[in-house]
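Peer 1: Structure incoming, see below.
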Amino acid sequence: MVDVYSYEDDEKYVLYEVIKNCFIKVLEGINIPFEIIPSDEGKDQDIVSEEIIFKTSTKNILEIGHLYKLGDVYSKPFGLKNNMSSHGMGIDRLVLAYILSNWVYSYIRLT
């Protein structure tokens, strides 16, 4: 898993968008079809989250990444006013998504 954390002084989440766009460029660059969809995870703590998903041809959904706008949930207890965001992408899931989207199944032998 690749994890990136950012701390920002305002509520614009500029770094969040920059890192999200970097993830998008990586996925587009290696030709993996994906969607970014809203998630309910963390909603009870006012955390906004999005999932990066790969839809396989068998209609199973594989989550390959997650993005969180954490707000001040973790900084406030320390007396800080920063907004935090967290970004993660599973390298093993990225490899699987690449294989599933770019190679023919008959050439893959899983044992």
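Each value in this text was obtained by applying a stated rule to the coordinates, not by laboratory testing. This is a predicted model, so every value here is computed, not measured. Counting neighbours? That spans all protein chains shown, and the Cβs are built from the backbone with ideal geometry, glycine included.
Peer 1: With Rg and Dmax of the Cα atoms in Å in mind, check (1) 16.3, 57; (2) 20.5, 73; (3) 15.1, 54 and report the label derived from this structure.
Peer 2: Given (1) 16.3, 57; (2) 20.5, 73; (3) 15.1, 54, the calculated one carries the label (1).
Peer 1: Let me ask something additional. How many lysine pairs does the range 5-101 hold where the Cα atoms are under 26 Å apart and the two sit 8 or more places apart or on different chains?
Peer 2: Close lysine pairs found across the range 5-101: 21.
Peer 1: Moving to a separate point now. Highest GNM mean-square fluctuation, the chain, Cα pairs closer than 10 Å: which of PHE23, PHE54, PHE78?
Peer 2: Its mean-square fluctuation being the largest, the pick is PHE78.
Peer 1: Then there is this: Treating the angle as unsigned and between 0 and 90°, give the value, to the nearest 10°, between the Cα long axis of helix 14-29 and the longest Cα principal axis of the chain.
Peer 2: 10 degrees
Peer 1: Follow-up. Return one number: the angle in degrees, 0 to 90 and rounded to the nearest 10, between the long axis of the Cα atoms of helix 91-102 and the longest principal axis of the Cα atoms of the chain.
Peer 2: 40 degrees
Peer 1: Enumerate the calculated ³J(HN,Hα) couplings along the range 70-84 in order (Karplus 6.51 cos²θ - 1.76 cosθ + 1.60, θ = phi - 60°), each rounded to whole Hz, writing x wherever the residue is Gly or Pro.
Peer 2: Couplings: 8, x, 9, 3, 9, 8, 4, x, 9, x, 9, 10, 6, 8, 10 Hz.
Peer 1: Provide the FRET efficiency to the nearest 0.05 for the ILE36-TYR7 pair, computing r from the beta carbons and using R0 = 22 Å.
Peer 2: Efficiency for this residue pair is about 0.50.
Peer 1: Once amide H atoms are built 1.01 Å from N in the peptide plane, which residues 5 or more positions from GLY71, or in another chain, come under 5 Å H to H?
Peer 2: When sequence neighbours closer than 5 places are left aside, the close amide H contacts are MET84.
Peer 1: Hey, another quick one. For LEU62 and ASN21, FRET efficiency with R0 = 30 Å and r from the beta-carbon atoms, rounded to 0.05?
Peer 2: 0.90
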